[in-house]
Amino acid sequence: MTSPATTTNIADLVETYGSPLYVYDLDETEAAARSLRGALPQPSTLYYSLKANPHPLLARALRRAGCHAEVSSQGELAAALEAGFAGDEILYTGPGKTRLEIADAVCAGVLRFSVESAGDYRRVAAVAAERGVTAQCLLRLNASESHGSSGLRMTGTSSQFGTDSAAVIADPEQFAPRPGARVIGMHFFALSNARDPESLLASLVSSIAEAARVHQACGVPLAYVDLGGGFAAPYAAEGARPDYGALREPLEAALDEHLPDWRNGTTTIAFESGRHLVGGCGQLVCTVSDIKQSRERTYVVLDTGIHHLGGLAGLGRLLPMRASTVPARTGGVPGEPDVPYGAADDRAVLVGPLCTPADVLARDASLPRVGRDGLLTVPNVGAYGLTASLIGFLSRPVAAEIVLAAGATLDASRIELRRTALAPVTGPRDSELADCQQEFTK
């Protein structure tokens, strides 16, 4: 992977904005979108899944590159709207949508929802009907079988996602048109982060065939078929995003066989991607705070940890991290000699600054020579980086986020967690509340 900023630029950014910080390169994001859209059947729609990274400037760049937005929360909806997506460019998904978030989406002009159960469908319909509109729903299916040999499987087994195909075929009337909503098509997402194109192709072709099978069995409409994604990207380690150029021809052949109306637009075909579009655009820059030996192990203590990257590390899912060094403008801690660590093949435990033994980023990391106050960069963390981490844990500051375009700094910002007072719906009388507040302020 080519770094989003040169070595000199990274040192300059740290000097200006501090450490740690995320650096995102919009040029890389737009290149990923062009490449993936060119590898998909045409015509088709590509959704950017904001769960990968909800930064509005990244989402805006992907909108310019021709993507629509897939969101699954009010926060992601707000980010998509800030990025410039119109309501008719947004698909709202998720297995636990509340009346409030459905209402917020409808009021923002969103009318396309993925519904994951009969109850979810009824709830969307009720909210839309109250507002005098009709939601266009995609029925998310949990297919009868799973295909492909790699990646995280999300279908073909018991799951909180979607409705089993067999249950839909057995009782299609539960998804019949009703006031406020109608089902216009199907939604699949069988595989996440497929590690090889063959597995991804097998999964997508299986979903195409499943859509045709369910339609023939019980008449679920085929006006819109979202085949989901599974497009992979390296994470926290060097590497290039996979090339999916070989997908287009066999996918078009499968569509011609099972859903022949896709070419004339009677059936709209859609795909989704998050990590593949933004994973390669980001790197995390951090500083070595300390280097210490404990028994026979070397610990490199960083100013970043599971509150900024890889929060699941605390649950035992460690990153395949491969950090690189960047010369700092000033070496060492004033008044304290620099303590270089190791050679290129030395191993260390990378830990963060949090007061918990769970703050481990990597247990057997290979690092080049680095000393205290040295800068490290972790590549390929534009997806599932900051907002997929434990940003509220131990009340540490959130890492800054820097956005580059054409090598220049376009934006610098920091997410802040703040406690906001809420007006009580029920509670003590004003006099009792005043007495309570006075007691706590003595």
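The values are calculated or read from the model by the stated rules, or taken from the named source; none is laboratory data. The shown structure was predicted, so the numbers you read here are calculated from the model rather than taken from an experiment. A quick note on method: Cβ atoms are made from the backbone with ideal geometry, for glycine too, and the neighbour counts reach across all protein chains shown. Accessible surface is based on the protein model in full, side chains and every heavy atom, while ligands, DNA and RNA are left aside. Shrake-Rupley method; radii C 1.70, N 1.55, O 1.52, S 1.80 Å.
Data overview
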| item | result |
| --- | --- |
| Integer Hz, Karplus 6.51/-1.76/1.60 couplings in order for the stretch 272-281, x for Gly and Pro | 10, 8, x, 4, 5, 7, 10, x, x, 7 |
| HN-Hα J in Hz across the stretch 218-224 - Karplus 6.51, -1.76, 1.60, θ = phi - 60°, x for Gly and Pro | 9, x, 4, x, 10, 5, 8 |
| Residues with amide H under 5 Å from that of TYR47, placed H, sequence gap 5 or more | HIS68, PHE271, GLU272, SER273 |
| Neighbourhood net charge (12 Å Cβ-Cβ; Lys/Arg +1, Asp/Glu -1) for PRO56 | -2 |
| Antiparallel bridge percentage (DSSP; both residues within the stretch 151-275; nearest 5) | 35 percent |
| Accessible area in the full protein assembly, largest first, 1.4 Å probe, for ARG363, ARG37 | ARG363, ARG37 |
| Length added when fully stretched, GLN74-ALA405, from 0.36 nm per residue minus Cα-Cα | 116.4 nm |
| Under 14 Å, Cβ to Cβ, from VAL106 - net charge with Lys/Arg +1 and Asp/Glu -1 | +1 |
| Stretch gain in nm, segment SER294-ALA421, where the contour uses 0.36 nm per residue and the Cα spacing is subtracted | 41.2 nm |
| Over the stretch 39-277, relative contact order from alpha-carbon pairs under 8 Å, at least 6 apart, % | 21 percent |
